[in-house]
Structure formats: structure tokens, C-alpha cells
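Below: the structure, in C-alpha cells.
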2 protein chains.
Amino acid sequence: MKKKAVVLLSGGLDSSTALYWAKAKGYHCEGLSIFYGQRHARELLSAQALAKKAKVKIHQIKLDLPWLKISSLNDRTKKLPNLPLTQIGRGEIPSTYVPGRNTVFLSLALSLADATQAQAIVIGANALDYSGYPDCRPNYLNAFERMANLGTKNGSMGRPIKILSPLLHLDKEQIVRLAFKLKVPLELTWSCYAGEKNPCGKCDSCKLRAKGFLLAKASDPALKI
Amino acid sequence: MKKKAVVLLSGGLDSSTALYWAKAKGYHCEGLSIFYGQRHARELLSAQALAKKAKVKIHQIKLDLPWLKISSLNDRTKKLPNLPLTQIGRGEIPSTYVPGRNTVFLSLALSLADATQAQAIVIGANALDYSGYPDCRPNYLNAFERMANLGTKNGSMGRPIKILSPLLHLDKEQIVRLAFKLKVPLELTWSCYAGEKNPCGKCDSCKLRAKGFLLAKASDPALKI
């Protein structure tokens, strides 16, 4: 029987590459994407289109957590950071940090994985070219996996659920190269935090993505310019 | 300034006692209760009434997670277990187990705690007189706390968030005695899994609760019989 994985799919470059990686590794995948009030909720349309293209079932969950308005990613009246590329992820945790986001996402994925007896949860977290969020770092993800296997039926009964983060130690250039190699339909992905009609080119996410394509010497199929 | 705590408040005996414990310890509390499709959703009315009585703000969050129908607690067409009292929590994980429930609940509480700079999350988990769920055990809760402090802004910046489970090592008799001592308005609490007009008296939760009152030599103010 094919191994099963729950893939956290936001619709961005990283999670889409993680999905295609899991498929290439032979996992039967189910996608999970979450609306949590993010200003770039349009990423969820990308997630849907990607799941359709990859022929995987997708679960879209809606969370209404009013306290998340504290993040500039969840409040359109707040200004998004516009840092020079070299400073992204190097200083303080930025205003786009969403409290406990990956813990909430991974917990929902864990619930689905435990209910469906999946062996893995796949997350596109990245700790090199990233915004500096604490919930993208290796020791956090290891600690989540340990907790997950103590607190679930399958985990506690000797059927462990692994947290797989295939992009964790790749830089953006390597991620872009991997995406091309895996034939990820990059034209369908959405990374921009601003969530306007076209990518803003100024937010952390746009800048890191652009850096990846530049260093990989490729043009970004999602840019219509 | 008063310390702050987020209290997971289901409306049952244990979580209500945990709330009054936290208040007695001097915490400024906010309650969090979650609708996840449980057949005894009426417990949420109890949670509301308890929060009002205790004069704490309460957040009620709705989750629509279709895969939870696997649990007999989330599907009224499934039969609830009816075990002899002495066997409850001693054998296999029962059909009322909800995949990843406490992890999802604690994650939402963690998000709120991180957003509001609360120092603690309080949960009424109990590992003595309980149904045998893995996500109520001490090593699981310790692992959650460790993960939580690696993956949040406050935790990772030296402002730890503690997971407090004051009832973890108490039996039901001791919990009932503590509830009376703390003047918990027990008449407002709801424990029964069946969620009918009156407590069924047969489910794990009813039986464990009745045992507690019996051994504490008290009558249960929530029973109108």
C-alpha cells in the first residue's frame, strides 16, 4: 500500500515544491490549506489550482481567530515591512509574524494525519532564505514531531507520524531549481504577502522569491510582466 | 501587572475547576472554548455561563474538520462506549478519542497566548480518572510546552509560555473536593458526552464524574434528579 502524507499547501513556491517532492517520493498526498484572515487569501485559489493540477484531494479550512489582527499579514490597515534583501530574516521577528501559525497549521494536519493513518506531514518550511519566524526552525519542527507522537493514537501506538520539511536547509536558488526539476506548475503559485492583483515586488516574500529565480538564472512563470 | 493566562474551557467539571484554580492563583484569565462538531455541543453553553459567572472574557471558536466524524464523539449515529467504571481508561483508546484534539486546542490557545503576551495556558487535563486519551498524559503536555516555546515569538525571546495542568495528578474525588473549595458553580457545568437534555449516566464522562461526587460524599449540583 502507498504511504500517505498530509501536505500543508499554502499555494506559494515552497509548499507547492514540497507537494511535488512528496509525490515524487511516492506518497499518496492530501493537501490542507487554511484561511486565517491573511490579506493574501488569494493564495488559497493558487492552492486549489495546484491541488487540481497535481490530482490531490485538498481540504480547505476556515479559521476565525480575531487576535491574529495583531499581525500586519492579517490587517490591511497595517504597513508591510519593506526591508533590503540582505536584512530579511536577520533582525527582529517582523510584523508579518502570525502568532503560533505553524503550530496551528501542523496541529490541524496532525489531526487529519491521525484520523487517516497517514505516515507523514509535509511542510515547506525553510530556515535559510526566510522571514525569521521561529516556527520555521529545525529545533521547533523536531519538537513538534516529538509532541505529535506522544499525543496521538497512531503515534502513541507505535505508528509514528513524521514531520517532513524537505526545503528546510535549501536556499531559494536551490528551491527554484528543485521546483523546475520536479515540474511544479510555477505559473499557478502565489507568494506575495500584499495579495493585490499582481505581486508587489517589495515584501519579504516577493524579494526572496525574486532572488531565487535570479540566482537560478530563470524567469518566474508567475510574473506576467 | 497581573499575570495572564488563557484557559481552555470546555464547560465540564475539570476545565471549570482549572479556571477557578487559575483565578485563585492570581491570573487574569481569558477563556477559550471550541466547537469541533462534538455531539455534546451544549457544553459550550455551560462554558459561556461559567465565563460570565467568573467574569472572564471568553473566545468561542468554530472548527469545521470533516475528518473528525471518525470519532463517536463527533457522530451521533455511532454508539458511545458503555464500559464498567473499573475498565474506563484501562484498555484500548476508546472510540470517543478525537484525533489530535488537545493539540489543536492547545495550539489555538498558544496562538492567543502569544498574541496577548500571556504567561500561561491552563488545561484541565487529568491522567488518573480519565478515558485513556494519549493527549492527556504528562509527557505529552511537557513535550507541547517545549515545542511551544521554540515556535512562538514570546517563547523564543525569553518570555516563556507555561502549560499548566493543575488537575493532572488528581483523581476525580480530589477534583470534586477542589471544585467545592474553590466555589466553582458546579450547577453550570456539563460533562456528559451524549449531550441530551439530561446527563446519560452511562458514558465514561458521566461515570467518572459520579464516582468523584460519590467518593467526595457530595451530591452533584448539576443533576436535577
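Read-outs: derived from the displayed coordinates by stated rules, not from any lab. Model, not experiment: these values are computed from the prediction. In this analysis, Cβ positions are derived from the backbone assuming ideal geometry, glycine residues included, and neighbour counts consider all displayed protein chains.
Each copy carries a label point for B:L223 at 7 Å from Cα along the beta-carbon vector; from one copy to the others these points are 7.2 nm apart, nearest first.
Ascending distances from the B:N142 label point to its copies in the other chains, with the point 7 Å along the Cα-to-beta-carbon line: 1.8 nm.
Which of B:F213, B:T86, B:N154 sits farthest toward the positive end of the charge dipole of segment B:4-215, with +1 on the Cβ of Lys and Arg and -1 on the Cβ of Asp and Glu? In segment B:4-215, that residue is B:F213.
Ordered by the number of other Cβ atoms lying within 10 Å of each residue's own Cβ, fewest first, B:V7, A:V104, B:V56 fall into the sequence B:V56, A:V104, B:V7. Placing a label point 7 Å from Cα along the Cα-to-Cβ axis, A:K62 is separated from the same position in the other copies by 0.8 nm, shortest listed first.
Charging the Cβ of each Asp and Glu at -1 and of each Lys and Arg at +1, and nothing else, the dipole of segment B:4-107 about its Cα centre rounds to 300 debye. How far is the Cα center of segment A:43-112 from the Cα center of segment B:130-167, in Å? Using only Cα atoms to place each centre, the spacing works out to 23 Å.
Each Lys and Arg Cβ is given +1 and each Asp and Glu Cβ -1; about its Cα centre, segment A:184-225 then shows a dipole of about 140 debye.
Within segment B:88-225, the proportion of Cα pairs with more than 18 Å between them is 61 percent. Dividing the mean sequence gap of close Cα pairs (under 8 Å, 6+ apart) by how many residues chain B holds gives a relative contact order of 25 percent. Each residue in A:K79, B:K25 was given a count of other beta-carbon atoms within 10 angstrom of its own, and listing them fewest first yields A:K79, B:K25. Across chain A, where is the longest run that never hits GluC sites (Glu not before Pro) in a DSSP loop with at most 16 other C-beta atoms within 10 Å? Result, exposed sites excluded: A:93-195.
Exposure proxy for A:H169, B:H28: other Cβ atoms within 10 Å of each Cβ, ordered fewest to most, give A:H169, B:H28.
For the protein assembly as shown, compute the orientation-averaged projected area of the C-alpha convex hull (one quarter of its surface), in nm².
Its average projected convex-hull area is 21.5 nm².
A dipole drawn for segment A:27-128 from +1 and -1 charges on Cβ atoms has a positive end, and of A:P66, A:Y27, A:N102 the residue lying farthest that way is A:P66. Report summary: the helix-based calculation at 222 nm, which adds -39500 (n - 2.57) for every DSSP H run with n ≥ 4 and divides by the residues of chain A, gives -10500 deg cm²/dmol. Of all aspartates and glutamates in the structure, the ones whose alpha carbon falls short of 14 Å from that of A:K53, not counting any fewer than 8 places away in one chain, are A:E30, A:E187.
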